[in-house]
Amino acid sequence: MEQTFMKEKKILPLVLSMSTPMVISMAVNALYNIVDSYFVAQLNEEAMTALALVYPVQNIINAIAIGFAIGINAVIALYLGAGDQENADKAATQGLLLNLFHGIVLALVCTAVMPGFLHLFSSDETVISMSLEYSGRVFLFAPVITSGLVFEKLFQAVGKMKISMFSMMCGCMANIILDPLMIFGAGVFPAMGIAGAAYATGIGQVITLAVYLIFYKAASIPVKIKRNALCPNRNIAARLYSIGISAALNLALPSLLISVLNGILAEFSDKYVLVLGVYYKLQTFIYLTANGIIQGIRPLMGYNYGAGEKLRVRKIFHTTLALTAGVMAVGMVLSWAVPAWLMGLFTNQSETLANGVTALRIISLGFIISAVSVTCSGALEGLGKGVPSLCISLLRYIVIIIPLSFLLSRALKAEGVWWAFCITEFIAAGISYYIYCKNEKLPVPGNSDLQRSAES
């Protein structure tokens, strides 16, 4: 099969060849997030605060879409590693149908709950109005997002990382170009303010999906979406959801965390809510780059695990850990070297700027050690072990940081929340490594048939 290079090529060149296209595309995606926020921030601080309040719900949509797509990616890679072509096709076909349905439901539900959600965190009617103006438009594109992510993970599962990179970059670049045109107005585009940012985002997602469909029709890939594979298969659906739900929860937990922390920080000042929102925009550039490496190695982990290549799995893990730690080290250096410049991209208010510099420097102390938890969680998803991966995310986003933030905020006020980020990463890293080592030695749950196929 075409994918045999995944278990034959040397580890470091293999990891780099699979991860580099994803790092580039994720970096461009992170740049889009920053540029998008930069242009919105030029309107006023209320507009930037509106984006910060919508972000948790927007992230939930992305989390569910990406999480289930990760399940599709892992299941396809495991079946391909075990030489089961028929079930790989079924996983791709049924995964697309299910994720399209998820997108439709998410668009309807999230639009309906936004008014009540926003009033929990702000009494400023201008901010609430702008938040609804943005969310009401951007949520309409949820089915496009969920469909596009299926094709993204399908191409990644078979090692076609450059196609995934190119498609994502097309959408992101379109978004970056359209942002100033649609927000401030130019040529045929009227000035639409924050609504323009939402439309630019949605159009970029449509373009990404369109490029994926063109490549799907033109490129020769070993996994296909087939009409005769539409018949529901309970075992495949169970496998998709067992990994997909855990992966989705992993990605959705930051939204819950941000909502809780917004509530804690709002007690001191709305400016701290803005600082947290800006921090999450900035940290995406670092964490999405690390996530690009993780996306590159997920199919490698799944394929080699399905093929019974346990030694290669371990080597891939440790190579990935070193690479992600390097990325996070760069993030820490930037947060200490130019924090004022980074925060100044989004606000010119001296008080907000000073608070943001303090937050960046404290939180970034935990960046390098966080590579352990990030790598362990992603590697476990690649092995089809969604529940242990979810446990790691629960530690990082709920179990440790929320009570720690509350307690430290009583003593140190808003600064206590920033210290909670850093302390949490050190505690979670040790536990995460233990969880990974314990589960890597076990067979994939419910995969006895797949294991026997691999061993034979």
(request) Between the alpha-carbon centers of segment 378-435 and segment 239-293, tell me the distance in whole angstrom. (result) 12 Å
(request) First select every other residue whose beta carbon is under 12 angstrom from the beta carbon of Leu342; then total the charges, Lys and Arg +1, Asp and Glu -1. (result) +2
(message) Just want the answer: with Cβ charges of +1 for Lys and Arg and -1 for Asp and Glu, which residue in Ala229, Gly116, Ile400 is farthest toward the dipole's positive end in the chain?
(response) Ala229
(message) If I model a spin label at Cys437 and Val109 as a point 7 Å from the Cα along the Cα→Cβ vector, what separation in nanometres do I get?
(response) 3.9 nm
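Taking 0.36 nm per residue of sequence separation and subtracting the Cα-Cα distance, how much length would be gained by fully extending the chain between Ser17 and Asn44, in nm to one decimal? Present the calculation step by step, with values, prior to reporting the outcome.
Details: separation 27, 0.36 × 27 = 9.72 nm, distance 4.22 nm.
Here the answer is 5.5 nm.
In the neighborhood of Phe367, defined by Cβ-to-Cβ distances under 12 Å, what is the net charge if each Lys or Arg adds +1 and each Asp or Glu adds -1? Show your work: numbers first, answer last.
Values: positive: Arg361; negative: Glu425.
Around Phe367, the surrounding residues sum to 0.
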(request) Note down the nm distance, to one decimal, between modelled labels 7 Å out along Cα→Cβ at Glu351 and at Ala218. (result) 5.5 nm
(request) Only residues of segment 248-270 count here: report those whose backbone N is under 15 Å from the spot 7 Å along Cα→Cβ of Thr126, or say none. (result) 270
(request) Evaluate the relative contact order of the chain (contact order divided by residue number), counting alpha-carbon pairs under 8 angstrom at least 6 apart; express in whole percent. (result) 24 percent
(request) Divide the volume of the convex hull of the Cα atoms of segment 35-108 by its number of residues and quote the answer in cubic angstrom per residue. (result) 95 Å³
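Within the chain, which is the longest segment that contains none of the GluC sites (Glu not before Pro) sitting in a DSSP loop with at most 11 other Cβ atoms within 10 Å?
Result, exposed sites excluded: 9-266.
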(request) Show that you can apply the helix-only estimate: for the chain, add -39,500 (n - 2.57) for every DSSP H stretch of four or more residues, divide by all residues, and state [θ] at 222 nm to the nearest 500. (result) -28500 deg cm²/dmol
(request) Using the charge dipole of the chain (Lys, Arg: +1 at Cβ; Asp, Glu: -1 at Cβ; taken about the Cα centre), state which of Gly306, Ile207, Ile145 has its Cα farthest towards the positive end. (result) Gly306
(request) Using a 1.4 angstrom probe on heavy atoms only, work out the carbon and sulfur share of the accessible area of the chain in %. (result) 68 percent
(request) Give the distance, in whole Å, between the Cα centre of segment 303-364 and the Cα centre of segment 134-166. (result) 24 Å
(message) As I understand it, the value is the acute angle between the Cα axis of helix 11-41 and the longest principal axis of the Cα atoms of the chain; what does it come to in degrees, rounded to 10?
(response) 30 degrees
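The values are calculated or read from the model by the stated rules, or taken from the named source; none is laboratory data. For clarity, every value in this text was computed on a predicted model and none was experimentally measured. Every residue, glycine among them, receives a Cβ derived from its backbone with ideal geometry; neighbour counts consider all protein chains shown. With ligands, DNA and RNA removed, areas are computed over all heavy atoms of the protein, side chains included. Shrake-Rupley method; radii C 1.70, N 1.55, O 1.52, S 1.80 Å.
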